[in-house]
1. The conditions are (1) farther than 19 Å from residue B:409 by Cβ; (2) assigned to a helix (DSSP H, G or I); (3) at pLDDT below 90, and residue B:180 fails exactly one of them. Which is it?
2. Those residues that are over 21 Å from residue B:114 (Cα atoms) and surrounded by 14 or more Cβ atoms within 10 Å (Cβ to Cβ), I need them from segment B:12-43; list them, please.
3. Residue check, residue A:64 against (1) within 19 Å of the chain's Cα centre (by Cα); (2) surrounded by fewer than 24 Cβ atoms within 10 Å (Cβ to Cβ), all met but one. Which one?
4. What are the pairs with Cβ atoms under 8 angstrom where one residue, in segment B:216-232, is more than 14 Å from chain A (Cβ to nearest Cβ) and farther than 15 Å from residue B:402 by Cα and the other, located anywhere, is acidic (Asp, Glu) and part of a helix (DSSP H, G or I)? Sequence gap at least six, or different chains.
5. Among the residues of segment B:133-148 satisfying the criterion of being crowded, with 17+ Cβ neighbours inside 10 Å and in contact (Cβ under 8 Å) with a residue 60 or more places away in the chain, which is nearest to the other protein chains (Cβ to nearest Cβ)?
6. Of all the residues that make up segment B:188-239, how many are of a type in the set (D, E, K, R), part of a loop (DSSP other than H, G, I, E, B) and more than 24 Å from residue B:171 (Cβ to Cβ)?
7. Any idea which residue in segment A:61-84 is farthest from the other protein chains (Cβ to nearest Cβ), counting only those that are touching an Asp or Glu at 6+ places or on another chain (Cβ under 7 Å) and assigned to a helix (DSSP H, G or I)?
8. It is to be established whether one or more residues within segment B:256-269 are among the aliphatic types (A, V, I, L, M), in contact with a Ser or Thr (Cβ under 6 Å, 6 or more places away or on another chain) and crowded, with 21+ Cβ neighbours inside 10 Å.
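The values are calculated or read from the model by the stated rules, or taken from the named source; none is laboratory data. This is a predicted model, so every value here is computed, not measured. Cβ coordinates were reconstructed from backbone atoms using ideal geometry, including for glycine residues, and neighbour counts include every protein chain displayed.
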Amino acid sequence: MKSFLKSWKARLVLLLAVIGPGFITANVDNDAGGIFTYSQAGAQFGYTLLWTMIPITIALIVVQEMSARLGAVTGKGLSDLIREEFGFRLTFIVMVTLVITNFGNIVAEFAGVASSLELFGWSKYIVVPVCAFVVWALVVRGTYTSIEKIFLTASAFYVCYIVAGVLAHPDWKAAAFATVTRPEAAGIRNYGYLFTVVGLVGTTIAPWMQFYLQASIVEKGITARQYRASRWDVIVGCIFTDVVAWFIIVACAATLYANRHHDIASAADAAQALRPLAGDYAYLLFAAGLFNASIFAASILPISTAYAVCEGLGFESGLDKKFHEAPVFYWLYTVLIVMGAGVLLVPRIPLVYVSVLSQVANGVVLPLVLVFMLLLANDRELMNEHTNSRGFNIVAWTTVVAMIVLTALMLITHR
Amino acid sequence: MSLVALSELLGATVRDASGTVRGRVREVAVAPQEHPTRIAFLIVNTTDGERMLPSASLKSCGATVRAIGDASAWEKYTASDGVLLLKRDLLDQQIIDVHGRKVVRVNDVELDSTPVNSHLALSVIAVDVGARGAIRRLTQGLVPAFTMRALLERIPPRVIPWQYVDLLETDPSRRVKLKIVYEGLSKLHPADIADIVEDLPAAEREAVFETIDEEVAAEALEELDPKVRVSVVESLDSDRAADIVEEMDPDAAADLLEKLPEHRSGQILKEMQPEERNEVTQLLEFGERTAAGRMTTEFVSVADGGTVSDAIDALKQFEGSREAVATIYLYSAAYAITGAVPLVKIAVSTPSTPLAELREDAITCAPDTPDDEVAGLFDKYNLVTLAVVDEHERLAGIITADDVITMLRHAD
């Protein structure tokens, strides 16, 4: 038994050692906004939206790989590069957009915190301020890095969805067919459908992730020479994210959709998807997983936003600086958390809807960030021989165009 | 004299002596080989390609640039590594603010235009890193120029005078052509240099360490975060790395080499001078977290029969670090350690005083003493230096208090 434990421990250590920025980013990607968006997609449309998963995965791999490569080759963050290559005004526009969308995501994370603990009957008026303060202090005091591994280990919770998906006895044939089939044409006239598709793309390929991933690669000191290993880290992470996403949709389709429970209004509804696995304890498992995912992302998002903005606009930044040395950095960080958590204290705010909405905003903003990344990744002076391949450009530009078209259609069908 | 912002000048229409519009300003160039701050020429986008408008033919500049003479005299612009292009190389880029001791991003560049005889002398005087430059760039073209000027005057400027600016350039040959030598940076305290370097991207770090004086580089390297230190040395070529490592304290050098991949440390050792190499290899043989791994082999020792003047001679010849001279060690005929004399006692005694009169017992430890026990000895005896002796009681090296502080701070 002892030796078993030992070897198990050794294996875990080994696993954590090889887990790189790509895998971490992928895990943070399945945050509160992600879980709610995937759940909503499955509950509302059954297997119908599974066709999105393959194109989204391909686009995700291409986009994340570009971020990682930009970081490894230039040794600079995405906002630094945008500033250096496109000047102050464009950087300012990108940064303002980033702050607004990221703020939505931060709200979604705290909505995840609030709704997960609501399952235990705890009032959001207490837990949200407490959690916001804890997150703020964890990061500012530098304790965050030491507990990152705990969060990461706890995100093994996602495996539950895979098991739940299997135990729900979904119609495998229908699910598999829906994954490889082409989208039905009627979708483009349906606002709810378009809204969910944009949300699915936005939550999986979130703009903030590109800034975060590139910054992590730079911070880890990965250079063009060591990049090959990181590329695999990124690809594996992306595939893992989307396999989990696929199973969340399937689990929700097989449980919620099958029982005509089409609208997820609260975490309690979403938790039903785990019933085949955990029975009456489903809500407990769901609450724990959602809480971990939300806190994990809530610890990363505000600080990564503060870094990106300060680096792009040339303000002092860094946790090694004192408050008065980097006032903009600390204020931005603090305000994002305080306001993000504060919004949720509005009585009767629809937590799930707000979360999904923030992911749709991600999808709408994505093309803007992607265009900058594409221009940078094709800049020969910057990237030398590491510029984009033609295939990459085709996928990424298609994503840009598709998102613009989807957004336009969504706005047209909205009334 | 009057101030012109680079962002105002860029895109300005250019008129020649006849008043005809010839094009727009695309770039502003300095040729450091000729003059470090003077603008050599403006690059003008004309219908006939990019032309160089020499600053000697400038009559006035602002929203419109007026030139003396005819546009046909402007030569065609061909790209050259030897000129500093203010927009491309400076605007929005990171620079080192030597005075403020940090890395900052350039929001705008301030130029001074002074009429000289019949033309304008245009030169760089400062870079703007504050809100004034930022807001000017943001509102340019959206707000009428005079409103903007009135608005901007209310914002307190945050500028760095040009002499305190060190440019970052990663291409070594271009660095030479642009005469970038990090003169200002080199004069800073090594700990400040280290702080600045830690804020730079990897390629820029390498550029700094390739350029600055070896001795300064060595001291700055010792102050760097251990992880960054290793990556910097790995990025340098072995020849340059060896030059820097030679200048480091042997204990710090051994520490560093131990953390490098074996083939890299081997290459660096091979390039080092035999004397320094021997010292470092000796240290490398001991464990890193022991007294021997922490000690330096550069210390002051005198025969115990000597006088204060002998000790002063030894101090005069000593080339090691300042921390190491706090204690002068005494040895017997068999080179075994017999005592220690604090520097203070030497300073307050007459040259003829025998050292035996000033002698105190030396606190010593064995080479394999672990870190925590070393720290314990410093604490217990309030030491400034601790002698490390071999099995024959011969002095092998000393540990200084600053080593212990470093060790305690990085105890994890």
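1. With respect to (1) farther than 19 Å from residue B:409 by Cβ; (2) assigned to a helix (DSSP H, G or I); (3) at pLDDT below 90, residue B:180 is out only on (2).
2. The answer is B:22, B:23, B:24, B:26.
3. It fails just one condition, (2).
4. Partner pairs satisfying both residue conditions: B:217/B:247; B:218/B:246; B:218/B:247.
5. Looking at residues that are crowded, with 17+ Cβ neighbours inside 10 Å and in contact (Cβ under 8 Å) with a residue 60 or more places away in the chain, I get B:137.
6. 1
7. That would be A:79.
8. yes
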